Amino acid sequence: MGKREWMSGGAWGLHKTHDIGAEQLSVLVVGTVAYDTVVTPASSRESALGGSATYFSLAGSYFAPVSVVAVVGEDFRAEDRELLESHHVDTTGLEVAQGKTFRWSGVYGNEDVNTRETLDTQLNVFADFSPKLDSNGRGQPFLFLANTDPELQLDVLGQMNGRPTLVALDSMNFWIDGKKEQLQRVVEAVDVLFMDEGETRAFAGEVNLVKAARRILSAGPSAVVVKRGEHGALVLKNNLVVSVPAFPLAEVVDPTGAGDSFAGGFMGYLAATGDLSDDGFRRAAAVGSVMGSFAVESFSADRLSSLSHEAIDERFRALTQLTRLPALGHNESLPRRGD
Ligand code: AMP
């Protein structure tokens, strides 16, 4: 095993050199692989590849090895599996069951593209999905429990060989309303919780976001990532509060998958560097924001799946420039009105 050189140094800037020979940690994701029908103010698309595990694995695959555990139906297209495999996503755990693939359809607001209405959810083969991890899956050091039934999430966590290095969880209103107790049990057992603003408030029973996140932190997780759509994200970890902007885009084609792509970039970066320090989390949040911004530039994973590392670095640099506020020097203060 190569000697790991822990990343350190300034947050936000890119490291010039890579640690050649260091072993990259890999990430296991359990979630949905789906066919989505989506209507946005820009246009619409029918039965396109989507699902939480799809967006997560494609985004994460640019940084670290990703294995996916999910179920699809007999209608799952060979080219969609090939797309994942062309990104070196391990699809050994992508089970094919009799029946149809999970289908979701939604429409986004004309006035506010951040608002979406689910028109239809067909669980199909997902209704009876009870994942059984193989020995490779059980030993993965990073685990992302994408948005699914909290009982399934707890079951997967229980199958892991001991406690993975980092476990992250995503959930949604559907489970907060329907299975709050089970969701609470899985939240208590994870390190990082991803939720959007409304879900964080609803789950914590607290309107103020900082208080809501702190309440969740006191229940167990060591970090909470509050996704705020076009307003970026807020990361709370111990005494650390990081606000990362969304990359400002002139046109958002389809916001579907932004949250899962954020999580994929975030976890992929942490797995690739092994840096779980505060600065590691700052950088991971910026990488997450970058990957979320690519996801929304096209329908399905069209843009997300055709990126170069140069394009990712370039957007990362642009994002860091956006947030470069001139700091106050040590002995400096802001101008004061002279009397
Ligand atoms: P995001 O926009 O990041 O929240 O994720 C959107 C993806 O989640 C879509 O591609 C859907 O296929 C998938 N999805 C929608 N509803 C559910 C659900 N109830 N459980 C799991 N995945 C879902």
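Return the loop-located trypsin sites (Lys or Arg not before Pro) in the range 100-174 (DSSP other than H, G, I, E, B) with at most 14 other Cβ atoms within 10 Å of their own Cβ; answer none if there are none.
Here the trypsin sites (Lys or Arg not before Pro) that fit, given the DSSP loop and packing criteria, are Lys132.
Could you work out how much longer the chain between Ser44 and Ala327 gets when fully extended? Use 0.36 nm per residue separation minus the Cα distance between them, nm to one decimal.
97.4 nm
Once a ≥ b ≥ c are taken as the square roots of the eigenvalues of the Cα gyration tensor of the chain, is the result rounded (a/c under 1.5), prolate (a/b larger than b/c) or oblate (a/b not larger than b/c)?
Rounded.
Work out the count of Lys pairs in the chain where the Cα-Cα distance is under 19 Å, with the pair 8 or more places apart or on different chains.
4
For Asn110 and Phe174, what is the calculated FRET efficiency with R₀ set at 35 Å and r taken between the beta-carbons, to the nearest 0.05?
0.90
Taking loop as defined by DSSP and a crowding limit of 10 other beta carbons within 10 Å, which GluC sites (Glu not before Pro) in the range 74-116 fit?
Within the range 74-116, the qualifying GluC sites (Glu not before Pro) (loop, at most 10 other Cβ atoms within 10 Å) are Glu111.
Count the net charge of all other residues whose Cβ sits under 15 Å from the Cβ of Glu46, scoring Lys and Arg as +1 and Asp and Glu as -1.
Local net charge: -2.
Summing -39500 (n - 2.57) over the DSSP H runs of n ≥ 4 in the chain and dividing by its residue number, what mean residue ellipticity at 222 nm do you reach, to the nearest 500 deg cm²/dmol?
The helix contribution divided over the chain gives -10000 deg cm²/dmol.
Between Glu85 and Leu334, what's the calculated FRET efficiency when r is the beta-carbon distance and R0 is 51 Å? Round to 0.05.
Here the calculated transfer efficiency is 0.40.
Given the options Leu240, Gly288, Leu49, identify the residue whose Cα lies farthest towards the positive end of the charge dipole of the chain (+1 on Cβ of Lys, Arg; -1 on Cβ of Asp, Glu).
Leu240
Taking amide hydrogens as modeled 1.01 Å from N in the peptide plane, which residues meet the under 5 Å criterion relative to Val66, leaving out close sequence neighbours?
Correct list: Val27, Asp90.
Based on the alpha-carbon gyration tensor of the range 233-320 and its eigenvalue square roots a ≥ b ≥ c, which shape applies: rounded if a/c is under 1.5, prolate if not and a/b is larger than b/c, or oblate?
prolate
Apply 1/(1 + (r/R0)^6) to the Cβ-Cβ distance of Glu297 and Glu206, taking R0 = 51 Å, and write down the FRET efficiency to the nearest 0.05.
With a Förster radius of 51 Å, E is 0.90.
What dipole magnitude, in Debye to the nearest 20, does the range 27-322 give about its Cα centre under +1 on Lys/Arg Cβ and -1 on Asp/Glu Cβ?
900
Scale the Cα Rg of the range 154-275 by the rule-of-thumb value 2.2 N^0.38 Å and send over the ratio, two decimals.
1.06
Would you mind counting up the charge near Val89? Only other residues with Cβ under 12 Å from its Cβ, with Lys and Arg at +1 and Asp and Glu at -1.
Spelling it out: positives minus negatives among the neighbours equals -3.
Looking at the range 290-339, which GluC sites (Glu not before Pro) are in a loop (DSSP not H, G, I, E or B) and have at most 10 other Cβ atoms within 10 Å?
Glu332
In angstroms, what radius of gyration and Dmax does the range 57-136 have, counting Cα atoms only?
Rg then Dmax for the range 57-136, in Å: 15.2, 48.
Take Ser308 and Ala250, extend 7 Å from each Cα along the Cα→Cβ direction, and tell me the distance between the two endpoints in nm.
Once both label points are built, they end up 2.1 nm from each other.
Residues with beta-carbon under 14 Å from that of Ser218, excluding Ser218: net charge, scoring Lys, Arg +1 and Asp, Glu -1?
+2
Read the figures in this text as sums done on the coordinates, not as results from a lab. Every value quoted in this text rests on a predicted model; they were computed, and no experiment measured them. Backbone-built Cβ (ideal geometry, glycine too); neighbour counts: all protein chains shown.
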